Amino acid sequence: MSRRRGYGPAMVKSPSRSVAVIGGGPAGLMAAEMLLARGHGVDIFDAKPSLGRKFLMAGKSGLNLTHGEDFETLLTRFGEGAGSLEAALRAFGPKEIQAWAQGLGTELFTGSSGRIFPKAMKASPLLRAWLSRLGGGGVRVHTRHRWTGWAEDGALVFEAPDGEVRSLPDATILATGGASWPRLGSDGAWAEILRGRGVESAPFKPANCGFLVDWSQHFRERFAGHPLKSCTLSIDDITVQGDFVVTDTGIEGGVVYTLSARLRDKVAAKGAAMLLVNLAPDRDPDRLLNALSRPRGKRSLSNFLRQATGLEGVKAGLLRERLPAKSFETPRTLAKAIQSLGILVTAPRPIEGAISTAGGLVFQDLDDGMMIKAMPGVFAAGEMLDWEAPTGGYLLTACLATGHAAGNAAGDWLDGQTT
Ligand SMILES: Cc1cc2nc3c(=O)[nH]c(=O)nc-3n(C[C@H](O)[C@H](O)[C@H](O)COP(=O)(O)OP(=O)(O)OC[C@H]3O[C@@H](n4cnc5c(N)ncnc54)[C@H](O)[C@@H]3O)c2cc1C
């Protein structure tokens, strides 16, 4: 934002064209890499004792780095944000991300669904190689430096272990993440700092999150933690197939995350949303009805259900949870419920437990190079921007793409400044 040199409390000394990157997650690290490649001095500041904590957490479930589907389909995953992200994704999309990861010695594989992972199924080797390359190139890392805003002279102000630290870089990249999993560093506090400078953000909302369902005590105690495999879930015109998990308070899991934006917005508009579960999506409806119409004889309801439909355990439990006892006596009602069972969802789980965040800095306040229009020289990237996408590698893809875009745009901007 300002190109003046600073003074006051402890100053981070920087070479003549220096950039501060605030936030050492994937977006910030990618921006740092771009600026380093252009010969600029880069200081990365992060509030936590180490960088990339959420990236490492993503690695715990295998690190779905990106997706192999065609570009046009990939673009649709970003919904309303697609137009704003398109240029960044075209410049640094799934192909470039794969080449970049391979350049850091990461072998990749494509899963049957098109999702792309490191063969190691974790993030630590990739992060280690990346930080080592950045460090070798001269990037300085300042951990335990929490950015708290700007001083009157335009210096960035940080809370650090030995007191306040200030820095007056030639340009700044903000990559401070969303507001989910705050213990990993991204707590969304940056929104208040920018609001203080007249830059508003769209409210944070949980994305790729679980939902609350008012289970009976019996069902909760008996089935919390149990996965429902190979179901379809539908809301309105969207149907997705996959697995989900019953939790103490509701439902979680990949197939729920895929529907979470629609569910969340519907709950916000109507107070609740009805999710339809097909517990036996591969069964032909007529054959299912025939099987259920055969006499039960002396068999228990559980045995009859299992033998006629294959449903047992949590699937049978969910049916009993949702269906009045008398419906089990009517084959047509029972068959219909097995393939279209309503679950009333009352609220999203709190943002702290969500995989990602919707809301954030709005694209109208940014120029094409991700620079905040009202703050020349301050760029933003990653999950702190107002876009959302389902799981499937799209989140990291957009974080890396916007980090790449912001880093390059900051480089262009610096090139265009006279000293
Ligand atoms: C459990 C889990 C699993 C996931 N799995 C996947 C997956 O497989 N595939 C995928 O695509 N995505 C996945 N994600 C999402 C992905 O990890 C995030 O979208 C991504 O890390 C966001 O990158 P970012 O650089 O924008 O922000 P972050 O990674 O959140 O990094 C922001 C950094 O900014 C720092 N910071 C924040 N505020 C300040 C401040 N005031 N001062 C200084 N530093 C600050 C933080 O400490 C943090 O290091 C997962 C997320 C979670 C929680």
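Is it the case that some residue within segment 338-354 is of a type in the set (Gly, Ala, Ser) and within 16 Å of the ligand (Cβ to nearest atom)?
First pass over segment 338-354, keeping only residues of a type in the set (Gly, Ala, Ser): 340, 342, 347, 353-354.
Now drop any that are not within 16 Å of the ligand (Cβ to nearest atom), which leaves 353-354.
Checking segment 338-354: at least one residue is of a type in the set (Gly, Ala, Ser) and within 16 Å of the ligand (Cβ to nearest atom).
Right, Gly178: at positive phi, assigned by TED's automatic domain parsing to the domain that holds Gly25 and either assigned to a loop (DSSP other than H, G, I, E, B) or open to solvent by 10 Å² or more (accessible area, probe 1.4 Å) (or both) or not? Even if it seems obvious, please write down each step before you answer.
Details: at positive phi: no; assigned by TED's automatic domain parsing to the domain that holds Gly25: yes; either assigned to a loop (DSSP other than H, G, I, E, B) or open to solvent by 10 Å² or more (accessible area, probe 1.4 Å) (or both): yes.
When the stated conditions are applied, Gly178 does not pass them.
Just one of Thr148, Thr143 is within 12 Å of the ligand (Cβ to nearest atom), farther than 22 Å from Met34 by Cβ, among the polar types (S, T, N, Q) and more than 21 Å from the chain's Cα centre (by Cα); which is it? Steps first, answer last, please.
Details: Thr143 fails: farther than 22 Å from Met34 by Cβ.
Thr148 is the lone residue from the list that is within 12 Å of the ligand (Cβ to nearest atom), farther than 22 Å from Met34 by Cβ, among the polar types (S, T, N, Q) and more than 21 Å from the chain's Cα centre (by Cα).
With the condition kept exactly as written, say whether any residue in segment 369-388 is in a helix (DSSP H, G or I), touching a residue at least 60 places away in the same chain (Cβ under 8 Å), open to solvent by 30 Å² or more (accessible area, probe 1.4 Å) and within 17 Å of Gly185 (Cα to Cα). Explain how you work it out, then say what you get.
Taking segment 369-388 first, the residues in a helix (DSSP H, G or I) are 382-384.
Among the residues that remain, those that are also touching a residue at least 60 places away in the same chain (Cβ under 8 Å) are: 382-384.
If we keep only those that are open to solvent by 30 Å² or more (accessible area, probe 1.4 Å) too, we end up with none.
Looking through segment 369-388, none of the residues is in a helix (DSSP H, G or I), touching a residue at least 60 places away in the same chain (Cβ under 8 Å), open to solvent by 30 Å² or more (accessible area, probe 1.4 Å) and within 17 Å of Gly185 (Cα to Cα).
Test Gly313 against the criterion of being surrounded by fewer than 19 Cβ atoms within 10 Å (Cβ to Cβ) and under 22 Å from His218 (Cβ atoms), and give yes or no. Write out each step before concluding.
Values: surrounded by fewer than 19 Cβ atoms within 10 Å (Cβ to Cβ): yes; under 22 Å from His218 (Cβ atoms): yes.
Yes: the conditions hold for Gly313.
State which residue pairs qualify: first residue closer than 19 Å to Lys54 by Cα and within 6 Å of the ligand (Cβ to nearest atom) and inside segment 184-195, second residue open to solvent by less than 40 Å² (accessible area, probe 1.4 Å) and of a type in the set (Val, Ile, Thr) in any location, beta carbons under 7 Å apart, and separation of 6 or more residues or different chains.
From residues that are closer than 19 Å to Lys54 by Cα and within 6 Å of the ligand (Cβ to nearest atom), the pairs are Ser186/Thr176; Trp190/Thr176.
With the checklist (1) in contact with a Leu (Cβ under 6 Å, 6 or more places away or on another chain); (2) more than 9 Å from the ligand (Cβ to nearest atom) in hand, flag the one item Lys54 doesn't pass.
(2)
Out of all the residues in segment 151-162, is one or more more than 9 Å from the ligand (Cβ to nearest atom), open to solvent by 10 Å² or more (accessible area, probe 1.4 Å) and not in a loop (DSSP other than H, G, I, E, B)?
Yes, segment 151-162 contains a residue that is more than 9 Å from the ligand (Cβ to nearest atom), open to solvent by 10 Å² or more (accessible area, probe 1.4 Å) and not in a loop (DSSP other than H, G, I, E, B).
When Val165 is evaluated against the numbered criteria (1) within 15 Å of the ligand (Cβ to nearest atom); (2) without any contact (Cβ under 8 Å) to a residue 12 or more places away in the chain, which criterion, by number, is the only one it fails?
(2)
Tally time: how many residues in segment 315-364 are polar (S, T, N, Q), assigned to a helix (DSSP H, G or I), assigned by TED's automatic domain parsing to the domain that holds Arg222 and without any contact (Cβ under 8 Å) to a residue 40 or more places away in the chain?
Taking segment 315-364 and keeping what is polar (S, T, N, Q), we get 327, 330, 333, 339-340, 346, 356-357, 364.
Remaining after also requiring assigned to a helix (DSSP H, G or I): 327, 333, 339, 364.
In the following step, the residues that additionally are assigned by TED's automatic domain parsing to the domain that holds Arg222 were identified as 327, 333, 339.
Applying the additional criterion that residues be without any contact (Cβ under 8 Å) to a residue 40 or more places away in the chain yields 327, 333.
Number satisfying all stated conditions: 2.
The values are calculated or read from the model by the stated rules, or taken from the named source; none is laboratory data. The model shown is predicted, which means the values in this text are computed figures rather than measured ones. As a convention, Cβ positions derive from the backbone with ideal geometry for all residues, glycine included, and neighbour counts pool all protein chains shown. In case anyone asks, the SASA skips ligands and DNA or RNA and just uses the protein heavy atoms, side chains included. Shrake-Rupley method; radii C 1.70, N 1.55, O 1.52, S 1.80 Å.
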